1. Out of the residues in the range B:156-177 that are in contact with a Gly (Cβ under 6 Å, 6 or more places away or on another chain) and in a helix (DSSP H, G or I), state the one that is farthest from B:Gln87 (Cα to Cα).
2. Hey, can you tell me all the residues within the range B:89-99 that are out of contact with any Gly (no Cβ under 8 Å at 6 or more places or on another chain) and either within 11 Å of chain A (Cβ to nearest Cβ) or touching a residue at least 40 places away in the same chain (Cβ under 8 Å) (or both)?
3. Within the range A:190-199, is even one residue at pLDDT below 95 and buried (at least 18 other Cβ atoms within 10 Å of the Cβ)?
4. Would you mention how many residues in the range A:6-51 are assigned to a helix (DSSP H, G or I), farther than 15 Å from A:Thr141 by Cβ and within 14 Å of another protein chain (Cβ to nearest Cβ)?
5. Just to check your reading of the model, which residue among B:Glu113, B:Glu129 is assigned to a loop (DSSP other than H, G, I, E, B) and within 12 Å of chain A (Cβ to nearest Cβ)?
6. With (1) in contact (Cβ under 8 Å) with a residue 12 or more places away in the chain; (2) more than 12 Å from chain B (Cβ to nearest Cβ) as the list, and A:Glu3 as the residue in question, which single condition is left unmet?
7. What strands (runs of 3 or more DSSP E), lying completely within the range B:1-108, carry at least 2 residues that are loosely packed, with under 12 Cβ neighbours inside 10 Å and at negative phi?
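The values are calculated or read from the model by the stated rules, or taken from the named source; none is laboratory data. What you see is a predicted model; the values in this text were computed from it and never measured. Glycine gets a Cβ as well: all are built from the backbone with ideal geometry, and neighbour counts include every protein chain shown.
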Amino acid sequence: MKEKTAIQELVKGIWDENPVLVQLLGLCPTLAVTSSAENGLAMGLAATFVLLCSSFLVSMFRKMIPGQVRIAAYIVIIATFVTIADRFLAAFVPDISKSLGPFIPLIIVNCMILGRQEAFASKNGIGRSLLDAMGMGLGFTFTLLVLSSIREILGAGTWFGMRIMWESFAEWGVMSQAPGAFITLGCLIAGANWINARRKA
Amino acid sequence: MNNTAKIIIVLTLLTVISGAVLAVLDSYTKPRIEAYQNQLKNAAVAEVLPQNVKVESTEKEDFTYYTATKAGEVVAYAFQVSGGGYQSELVVMVCVTPDFSEIIATKVISQVETPGLGTKIENDPTNKEHPTWFMDQFKGLKINPTITYVKNAKPSKDTEIQAITGATISSAAIVDILNKQIKTAKAIIGE
């Protein structure tokens, strides 16, 4: 495989290898917390923070961590940063922390993060791993923001809490419930595949 | 160095460092989180108690309660009750009449129930006019003999409330917590 340039390493996570739309990783928080744009953005940023820090450490110690216990080591590193993010949110933005509920601690089991450690950070240098993590994090945050914006606008008529739909707009209640998450995500993935298929053709 | 020793050293070091980092972090965030919880609690006490009363807090047998007096006469007691919900601990501030026969008001202080279902006990976004309808049902509710709930029907008795569709367990947990702990509180405060 041809070596990617630094820019390609960063950009691939945003579209070509988008963690949600292409790799279908980290779907649990994607589906669960995207009922409002604020929650989607906060979840995306928290996951990006954890991913960046974990990739940095895993890449730095990749030659010291014995192969047999690498997964356990990654989990300890990831869990540490998740706890930092969780406590930090609870202390400084308690309202967001409250509405994200158990999904912040659950970033620990987000496959996107563990997946990047196993597939990338454990095999590449610190610089490349950080670029990769940044790209994946941005891709994740961007997708969650789009998904949660669609759901909030249609489901509640608001965006980041501000009313943007016209007065007589009837909210689609289903969009703020679980089925709305599946429907919107399905449409987004279909859209991404359609665009990619046309680009290749 | 053989591999087993390396595994032990690496994992031990990792967990020790992780523990140390989290301990330091906790000492910074804990006071802030506690201050926020206290602030919520005080706001909840102020919200459930009647207006223009003198509030006094008392601690008895590890149980804190707030007595509201007006012109020297007790008009209400407020205290915190808690218990298991569907997937989280439910903490509720409740205010009752001095004879423990009627609930004056309630307020959910903390809950992490299923988003979109159990969370309706605190805030129901599907009910635009009245998002706090569930807890508001407890206003003026009679406590004796026991509080009960009905599903998919309007309450018919003065000790009855309507459970949330899709969140019966969370609804039932609130009713159960109130039934048991108001009696416990009565025993402690009444002494």
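1. Selected residue: B:Ile177.
2. Correct list: B:Val92, B:Met93, B:Val94, B:Cys95, B:Val96.
3. Taking every residue of the range A:190-199 in turn, none turns out to be at pLDDT below 95 and buried (at least 18 other Cβ atoms within 10 Å of the Cβ).
4. The total comes to 3.
5. Within the list B:Glu113, B:Glu129, the selection yields B:Glu113.
6. Only one criterion is unmet by A:Glu3, namely (1).
7. B:54-60
Yes or no, residue by residue, for (1) surrounded by 16 or more Cβ atoms within 10 Å (Cβ to Cβ); (2) closer than 27 Å to B:Val21 by Cα:
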{"residue": "A:Asp132", "(1), (2)": "yes, yes"}
{"residue": "A:Trp166", "(1), (2)": "no, no"}
{"residue": "A:Trp172", "(1), (2)": "yes, no"}
{"residue": "A:Leu185", "(1), (2)": "yes, no"}
